[in-house]
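Each reported figure results from applying straightforward, stated rules to the coordinates on display, with no laboratory input. Only a predicted model underlies this, so the values are computations on that prediction, with no experimental measurement involved. As a convention, Cβ positions derive from the backbone with ideal geometry for all residues, glycine included, and neighbour counts pool all protein chains shown.
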Amino acid sequence: MQLDLSGRHALVCGASQGIGRACAIELALLGASVTALARRREVLASLVDSLPCSHDTQHHGFIVADAGDTDALRAHVETLVVDAPVHILVNNSGGPPPGGIVDATAQEFLDALRRHLLANHALVQAVLPGMRNAGWGRIVNIISTSVKEPIPGIGVSNTTRGAVASWAKTLAGELAPLGITVNNVLPGSTHTPRIEQLVAALAQKSGRSEQDVQQEMAAEIPMGRFADPSETAAAVAFLASPAASYITGVSLPVDGGRIRSL
């Protein structure tokens, strides 16, 4: 199976922690040059210094940017691709704050859509010329299992993730003739700062301990545990590889079997 990404350049968003960081490491291990994008300069610099380099043509770097500022985000990436076209784009951004949907404000929806749907779209438009010239590209969006089954207590996130999934499915059809695939990875409960935030919110709302909430969540998963970010990153890396050349427009749950529907 061909997994080698030597000669490819990957832009990984949200790379300072969690799943994004794990993706940057995994893609570098497969030989890709990686540009890590997030808001924290010191963390990104440390990550880039630690990424493996297995050959002379493999070079890593970082961009400090905020997904909420889509104009600046696009400008940063358009500057990057002048000298280093991007072949692999991993769209990944922290989810909106938890909360029910009934009381959500219009601004909360707008902020979430900007950080996810609009940021993803701006990035695709910035990297697409390089993918088109290469006749090869991989776009992988890290979303959530909520696009299959809405998750209670994160109404704005459920709505936004669903919009991104529909956008990606449409984009996949348009880009397939160009040799560019578009797929979604749907993480389930994963050991990240995001899950810690959700556990804390549920514990506060229910009056239970965070340990009890986490144990209850884990009990709903057939594998009986949360995922490690590296397990999600492995799915992303496969979809980014030559081996996944005929896979596009799919939403792949990486959830330990929690989603019960086909």
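Order these peptides, 227-234, 90-97, by their mean beta-carbon neighbour count within 10 angstrom, highest first.
Packing proxy ranking, top to bottom: 90-97, 227-234.
In the range 9-254, with Lys and Arg counted as +1 and Asp and Glu as -1 at Cβ, which of these residues, ALA243, ALA176, PHE62, has the Cα nearest the positive end of the dipole, that is, farthest along it?
Final value for the positive-end residue is ALA176.
What does the net charge come to around LEU51 if you take all other residues with beta carbon closer than 13 Å to its beta carbon, with K and R at +1 and D and E at -1?
-1
Normalised by the residues of the range 119-262, what does the relative contact order come to in percent, with Cα pairs under 8 Å and at least six apart?
Over the range 119-262, the number comes to 31 percent.
Relative contact order for the range 9-254: what is it in percent, counting Cα pairs under 8 Å that are at least 6 residues apart?
21 percent
Once the mean 1/r over all distinct Cα pairs of the range 165-213 is inverted, what Kirkwood radius in angstroms do you read off?
13.6 Å
Could you line up ARG258, ARG138 from fewest to most neighbouring Cβ atoms inside 10 Å?
With the sparsest Cβ surroundings first, the list reads ARG258, ARG138.
Using the Cβ atoms and a cut-off under 11 Å, what net charge is assigned to the surroundings of VAL12, where Lys and Arg are +1 and Asp and Glu are -1?
That sum, taken over residues with Cβ under 11 Å, equals 0.
Report the charge-dipole magnitude of the range 9-254 in Debye, nearest 20, computed about the Cα centre from +1 at each Lys and Arg Cβ and -1 at each Asp and Glu Cβ.
Once rounded to the nearest 20, the dipole reads 320 debye.
Highest mean first, how do 151-162, 191-202 rank when packing is the count of other Cβ atoms within 10 Å averaged over residues?
151-162, 191-202
Could you let me know the centre-to-centre spacing of the range 1-63 and the range 84-108, using Cα atoms, in angstrom?
Taking the Cα centre of the range 84-108 as reference, the centre of the range 1-63 is 21 Å away.
Checking a compactness column here: for the range 118-262, what do you get for Rg(Cα) / (2.2 N^0.38 Å), N being the number of residues?
Cα Rg divided by the expected 2.2 N^0.38 Å: 1.16.
Does the chain classify as rounded, prolate or oblate by the C-alpha gyration tensor (a ≥ b ≥ c root eigenvalues; a/c under 1.5 gives rounded; else a/b over b/c gives prolate, otherwise oblate)?
Prolate is the answer for the chain, as a/c is 1.5 or above and a/b outweighs b/c.
Hey, can you rank 71-78, 213-220, 10-17 by average C-beta count inside 10 Å, highest first?
Highest to lowest by the protection proxy: 10-17, 71-78, 213-220.
For VAL124, what charge total do you get from the other residues with a beta carbon under 11 Å from its beta carbon, if Lys and Arg give +1 and Asp and Glu give -1?
Residues close to VAL124 contribute a combined charge of 0.
As a check on your grasp of the helix formula, calculate [θ] at 222 nm for the chain: sum -39500 (n - 2.57) over DSSP H runs of n ≥ 4, divide by the residue count, round to the nearest 500.
Calculated at 222 nm, the ellipticity per residue is -14000 deg cm²/dmol.
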